Structures are given as C-alpha cells and as structure tokens.
Amino acid sequence: MIGGYRIVRKVAAGGFGLVYLALDSEEQQVAIKEYLPSSLASRAPGELLPQVFPEKLSLYRLGLKSFFEEGRSLAQISHPSVVSVLNFFRENETVYMVMNYLEGASLQEFIVIARDQKNTKVFRESTIRSLFDEILRGLRIVHQHKMLHLDIKPANIFVTDENRSVLIDFGAAREVLSKEGNFIRPMYTPGFAAPEMYRRDASMGPWTDIYAIGACIYACMQGYPPNDAPQRLEKDRLSTAFARLRGVYSDNLIEVVEWCMALDPLARPQSVFALQKVLSNEGERRYTKLTVSEKVRMQFDSMVGESRRTDLGGAAAPARGKLK
C-alpha cells in the first residue's frame, strides 16, 4: 500500500522512475508514477526507501522538487489529450503521481507494426492529420499553462482502445536534471529532441515541443525517426528523406513537417496555434511526382542508408485494437 493505493504490479521502468498499476479505495484502476532516477539513487529488493548516492543528494532533491511541481501543474489541466493527474503525494522520501490508467498502445507500437507491413504509406495522411490535430489541441493547453512537455516522441503518445490520442510522460524533472548534471545526451530520445536541447545556454519554448511534433509526424510517414539533431547540424539529409515521400504524401504535409523541424528555432512555428492553422488548412492537396532519374537515385540512397536506421526508442509489443 502506498498513499492509500494498493500496488498490483509494475508496468514500466525508465531512467527516471517506475510506473505501477494500482487500485484506489474504490477498486478503480490507476497508474502511479514514482520518482526514482537510476543515475541518482537505487533501492534494494523489498525496501521502500531509495538509497540516494551521497554526492548526488542535492541533484536528487532538485529533480524531486521539479517532479512534484510537474504533478501540481498537470493536475490543473483537464483535457482529453493530456494525461490526467488525479493526485500526487510525498512518501518514502520520494514523490508519487497518480494518473488515469489507459488501455491501448503507444503510437510507437502502431508505427512498428504498420512499418513491418511494408505498405507504400506507413499511415494514411488523413490518419496522421486527425491524430496530431488531437495531440496539438492538448499541447496547446499545456503551453497555455506555461509548461513544456520536452519529451514528445511516439512512445509518449498513447492511443487508447477508444481511438483517443493522449500525451503522456512529461519531462520537466528530466530537463531540470539535464541542466544541473553532466548527462544531457541520454536524457532525450535521438531524432525527437530539438537542437537547442543539446545546448545548456539555449532557450526553450513551444518551438522546442513543435520540433518533436514534426519528428513524430515524420516517423509516421517514414516508419523510422529522423537523424538526431547533432547529425543534422553536421550534414542534414532531411531534404533527401522528404524527396522520397513526394507523391506519397501531399506537398502540404511535407512542408509542414519541414517547417516544424527547422534547425533554427526561430524558423519553426512559434506557437501550437500557428501550426494548427496550417495543418488543418490542407487547401487543394498537391502531390509532386518524382521523375524516373529521381526515383533511381532515391532507391540507391535508400539502400545505402538502410544500415544507418535506428528504431523508435524501445522495443514494441504487439498493439491491441486498431488505429483508424
């Protein structure tokens, strides 16, 4: 029992904590997220109290405070596309966040399954637009509450069995610790983190989350994440990847993703509202066809690049239900 909730089982573990399936006092299922960053603390089997590494104590407390504030902020947000925080509390020298337990699968799992079917399109364009319209509605509310997500990726977009898209696993504590600790790179999923997230002196804002949204849409189109920001800063192959998608997805959608994924933060949409207007306004959907020579070159580039491809940030289990 923790805070009046009965823990049923552990359902997930990451670098920053654990997630449990639990039951509340009325036997309703909830998800409980516990702050336990593996780089700062450990816990022996059967113990409740974390053992914080002495030299990491101040950093542990800083992350703990940020995690608690994140719970407080999320509890004020009520939107179907943002995970609902029902309660948050301190116990066992750590913090627990109680959330709605969602049935379904992550977008990452759907992408892996769709990609392996080897269709021309990983997802239909109408599916992509509908899914991200929902996510952007939720993200806009988050930004209005002066919060950033900072870890948007397909694994953190959950598609419920009722076909509702929900943003989960916010990264405020992750961000605070990255500024203080000496381990920035492992904090973010390559391909989805904006260039400014790799620099200590860079300012972050809505445009940082918008980069990640563009990268997620790209993953829905290609079946794989884009190259990570440091690679793109050295040699940007994104235009080649987008050329391969011409004629498969509309010029409008490709242009929107290019806009979101601009390396210069000022060249991206500066607000979710600006992005929503363009994404919802398809106009006359144009499809630019590739020439024969372009197709041959694309096929050659694809063969060369096959070995460089990475997965979407974790192994995927079979998804339940269907993504319509």
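Assorted remarks:
- Cα gyration tensor shape of segment 6-100, rounded if a/c is under 1.5, else prolate or oblate by comparing a/b with b/c: oblate
- A Förster radius of 25 Å combined with the Cβ-Cβ distance from Glu27 to Lys65 puts the calculated FRET efficiency at roughly 0.15.
- Square roots of five times the Cα gyration tensor eigenvalues for segment 85-127, Å: 38, 11, 7
- Extents of segment 192-244, taken as max minus min of Cα coordinates on every principal axis and listed largest first, are 35, 22, 14 Å.
- The packing ranking, built from the mean of other Cβ atoms within 10 Å per residue, places the peptides 27-37, 109-119 in the order 27-37, 109-119, highest first.
- Ranking of Leu49, Leu23, Leu150 by count of other Cβ atoms within 10 Å, fewest first: Leu49, Leu23, Leu150
- Glu47 versus Thr160: modelled label distance in nm, points set 7 Å from Cα along the beta carbon direction: 3.8
- Taking Cα centre as origin and charging only the Cβ of basic (Lys, Arg, +1) and acidic (Asp, Glu, -1) residues, the dipole magnitude of segment 24-129 rounds to 600 debye.
- Spin-label model, Asp133 to Asn87: label points 7 Å out along the Cα-to-beta-carbon direction sit 3.8 nm apart.
Throughout, read-outs are computed from the coordinates displayed, never taken from laboratory work. Keep in mind it's a predicted model, so treat the numbers as computed, not measured. Methodologically, a virtual Cβ is constructed for each residue, glycine included, from the backbone with ideal geometry; neighbour enumeration extends over all protein chains shown.
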